[in-house]
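Contents: one structure, followed by commentary.
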There are 2 protein chains.
Amino acid sequence: MKRIAESTVRRLSLYLSFLEGIDRQGLKTISSDELARLGGTTSAQVRKDLSLFGSFGKRGLGYSVPELSGKLREILGLGKQWRVCIIGAGKIGAALARYRGFAERGFNVTAVYDSDEAKIGKRWENLTVRPISELEKDATKQDFDIAVVATPAENTPAVAKQVVRAGIKAILNFAPVQLSVPSDVTVRNVNMAMELEGLSFALSNRGE
Amino acid sequence: MKRIAESTVRRLSLYLSFLEGIDRQGLKTISSDELARLGGTTSAQVRKDLSLFGSFGKRGLGYSVPELSGKLREILGLGKQWRVCIIGAGKIGAALARYRGFAERGFNVTAVYDSDEAKIGKRWENLTVRPISELEKDATKQDFDIAVVATPAENTPAVAKQVVRAGIKAILNFAPVQLSVPSDVTVRNVNMAMELEGLSFALSNRGE
DNA sequence: ATTAGTTTGTGAACTAATTCACAAGCGCCA
DNA sequence: TGGCGCTTGTGAATTAGTTCACAAACTAAT
């Protein structure tokens with residue numbers, strides 16, 4: 001399969017969320033044009049995105065909502081349950097552990113790690129915070145798919161190394177650091193400061 | 001000034017965070033090559049990004065760390081204090097109100113709104129949750145720069161309308177909905193589901 | 001002063017992503 | 001069955017973004 005751009009994957013994800021809404025409204029079909037309007041893009045973009053994976057529509061009619069949802073879920077790998085561990089039991093880690101949206105989409109948080117003695121052993125929801133030194137050993141049994149990294153910037157490169165050694169192939173990184181990992185490990189960065197600064201930039205450079 | 005791509009702004013923001021780290025280490029200069037390595041990009045990219053705003057380096061030497069930090073802060077509009085309101089007093093809103101990173105960068109949360117009677121009047125940190133119906137009136141006095149929207153998807157389009165009517169020109173949107181706003185309003189979307197699905201996609205399509 | 005060693009700034013070349021534009025397919029109706 | 005209106009799927013054209021590659025500028029050393 002040819003390489004798929006990250007922007008394409010983001011849009012597919014967006015289309016899926018729209019389709020779920022449309023489905024709840026009971027509508028049976030939708031055109032690329034309507035999807036585009038919802039997603040703030042063009043109908044050609046929608047069709048191009050989908051055409052990378054097959055042809056799911058009917059000319060003159062559009063796309064069947066349940067069928068396309070199913071295809072997108074399949075493409076995005078949402079059929080299965082993913083095992084997620086959270087690393088870093090600070091503010092962000094805590095918020096994420098409580099976040100219901102994870103489980104709803106098949107992302108099950110099955111462990112939390114930290115290096116801080118004071119936090120280790122504490123109970124969080126139905127999990128106990130474990131020492132990060134145990135990650136590699138635990139991983140052989142638990143077989144984590146995804147590590148959510150929410151550690152202080154300075155510790156994060158070391159944490160990333162441990163995650164990689166534990167054989168985890170996907171990282172959602174909340175630390176404001178660029179992780180260097182082998183090419184078979186996928187990293188997504190979430191960085192609030194960057195988003196805010198984007199807005200700040202836009203506000204400052206209005207109309208120039 | 002010519003249009004600056006969002007990807008460029010993200011990188012500038014990243015460079016700034018690296019420069020701050022470098023500065024704490026006491027280093028005085030840095031080359032585009034080192035900055036590139038930290039940011040997982042190329043030196044040509046770094047230089048091109050900066051060259052959009054001026055020429056800040058010295059050939060043969062690199063960039064002065066404090067000088068470049070200052071320039072980037074200026075470019076990103078971080079010189080001033082921004083007034084931020086949070087709309088939606090749910091889980092995400094609560095986490096954001098507690099988040100220290102906002103104030104550290106000059107983003108001051110000065111009000112919280114919700115439409116739910118049960119939440120209105122509750123105290124949050126040093127703020128009281130106010131009815132969203134008051135947003136437009138309040139805005140004339142408080143002059144918000146940025147609205148952080150963390151409301152349920154179905155209410156969000158209506159909320160966005162109110163934000164626009166209140167004259168706010170920048171929105172950080174946590175709802176999984178594409179906001180339609182006038183072109184002078186800037187929107188940034190943060191969507192955890194999308195990030196997770198990106199990882200899920202990557203894991204599912206390994207080596208094809 | 002000259003040379004060697006760096007590193008910037010930037011056109012030009014290239015690569016990637018988006019949009020255009022239209023033939024082909026489908027449903028509906030007469 | 002044939003024609004009309006609509007919508008997909010996709011090459012081609014366009015636009016945006018990245019990388020190359022090199023002259024110019026600077027430091028340090030001799």
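Per-structure values
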item	result
Loop sites in the stretch A:94-144: GluC sites (Glu not before Pro), DSSP, at most 16 other Cβ within 10 Å	A:Glu117, A:Glu125
Amide H partners (placed H, <5 Å) of B:Asn189, local residues excluded	B:Asn173
Simple spin-label estimate for B:Leu127 and A:Leu52 in nanometres, 7 Å along Cα-Cβ	3.7
Dipole of the protein assembly as shown, positive end: most advanced residue of B:Asn205, B:Gly90, B:Ser115 [Cβ charges, Cα centre]	B:Asn205
Span-rule helices in chain A, defined as complete DSSP H runs reaching 27 Å or more along the axis (Cα) with Kyte mean at least -1.0	A:6-24
Potential extension, A:Arg165-A:Asp23 segment - 0.36 nm per residue separation minus Cα distance	46.9 nm
Whole-Hz couplings from phi, Karplus 6.51/-1.76/1.60, listed for the stretch B:182-190; x for Gly and Pro	x, 6, 8, 10, 9, 10, 10, 9, 10
Global geometry of the stretch A:6-75, whether rounded, prolate or oblate, following the gyration tensor of its Cα atoms and the 1.5 cut on a/c	rounded
Simple Cβ-charge dipole of the stretch B:82-194, Lys/Arg +1 and Asp/Glu -1, about Cα centre, in debye nearest 20	220
Percent RCO, i.e. relative contact order, over the stretch B:1-117, from Cα pairs under 8 Å lying at least 6 residues apart	23
Residues whose placed amide H lies under 5 Å from that of A:Trp82, excluding near-sequence neighbours	A:Phe107, A:Asn108
Rg to Rh quotient for the protein assembly as shown, alpha carbon positions, Kirkwood Rh	0.96
R0 of 30 Å, Cβ-Cβ distance A:Leu61-A:Arg3: FRET efficiency to nearest 0.05	0.45
Contact order relative to length of chain A, as percent, for alpha carbon pairs under 8 angstrom and 6 or more apart	13
GNM result for chain B, Cα springs below 10 Å: residue of B:Gly26, B:Gly106, B:Gly93 fluctuating most strongly	B:Gly26
Around A:Ser115: net Lys/Arg minus Asp/Glu count, Cβ-Cβ under 14 Å	-2
Restraint check, B:Lys2/B:Lys161; A:Lys169/B:Lys71; A:Lys141/A:Lys161; A:Lys48/B:Lys48; B:Lys137/B:Lys169; A:Lys48/B:Lys91, Cα-Cα greater than 26 Å	B:Lys2/B:Lys161; A:Lys169/B:Lys71; A:Lys48/B:Lys48; A:Lys48/B:Lys91
Estimated dipole of the protein assembly as shown in Debye, rounded to 20 [Cβ of Lys and Arg +1, of Asp and Glu -1, Cα centre]	440
Cα-based shape type of chain A, given that a ≥ b ≥ c are square roots of the gyration tensor eigenvalues and the cut on a/c is 1.5	prolate
For B:Lys58, label point 7 Å along C-beta direction: distances to other copies, nm	7.1
Net charge of Cβ neighbours under 13 Å - reference A:Arg47; Lys, Arg +1; Asp, Glu -1	+1
Relative contact order [Cα under 8 Å, 6+ residues apart], the stretch A:82-191, whole percent	25
Residues with amide H under 5 Å from that of A:Thr29, placed H, sequence gap 5 or more	A:Val65
Chain B - charge dipole about Cα centre, Lys and Arg +1 at Cβ, Asp and Glu -1, debye rounded to 20	580
Global form of the stretch B:82-194, assessed from the alpha-carbon gyration tensor, a/c cut-off 1.5	rounded
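Values in this text are rule-based calculations from the coordinates and carry no lab data. Please read these numbers as outputs of a predicted model, since none were measured by experiment. Cβ coordinates were reconstructed from backbone atoms using ideal geometry, including for glycine residues, and neighbour counts include every protein chain displayed.
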